[in-house]
Structure formats: structure tokens, C-alpha cells
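Throughout, read-outs are computed from the coordinates displayed, never taken from laboratory work. Computed from a prediction, not measured in an experiment: that's the story for all the values here. In this analysis, Cβ positions are derived from the backbone assuming ideal geometry, glycine residues included, and neighbour counts consider all displayed protein chains.
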Amino acid sequence: MNDVTVKHRFLFEISEEQMIRANRVLSQYGLRKAIFGKILDDVLECIETDAGMSIGILMSEKVVMTGIMTVLAAKTKKGKVKSDGA
């Protein structure tokens, strides 16, 4: 018997601008898989938990990632202030 490894792929179309940007910022080998694999896991988890709300939020332009980055930046700043003793 042949040991055949099946590699599943998640494919969707992107714009030329997205391709150019992705090639520029995600050029390191394996980086796309590492990032987008985790994003896919998180998205699927959210949708399984509450499909209606999750899909609505995810479809609303840049709200999701911008919101995440804002919260992370605020927590990082708070953590630095506390750890500095201020």
C-alpha cells in the first residue's frame, strides 16, 4: 500500500492588491500557513459558538482586527506601566 499524505487546502480568490501586499509582508516561508491556520481555527470556533453574531461581526469591514489590536495595545501599555512600578 502507498502511504499517501493528503494536504487539504482552503482556497479563495483575492485581489491583485491583496496578492502584492501579501507577497511583500508575508514572504517568509511558512508564515502564511502559521498565521492563517490560527485565524481559521479562531473563526471556526467563534462561528460554532454563535454563528449569527460571529458572522455579522466578521463581515463588518475592519472592526475585528482593528478592535483586537486596540485592546492588545491598551493591555500592553497597562502592563508596562504596572511592571515599571508607576
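Each residue of the range 33-50 is assigned a 3J(HN,Hα), and the resulting list reads 4, 4, 6, 6, x, 5, 4, 4, 4, 5, 5, 4, 4, 4, 5, 5, 6, 8 Hz, derived from the Karplus form 6.51 cos²θ - 1.76 cosθ + 1.60 (θ = phi - 60°), x at Gly and Pro.
When GLU45, GLU16 are sorted by how many other C-beta atoms sit within 10 angstrom of their C-beta, beginning with the fewest, the order is GLU16, GLU45. Restricting attention to the range 16-83, the count of lysine pairs at 8 or more positions apart or across chains with alpha carbons under 28 Å apart stands at 11.
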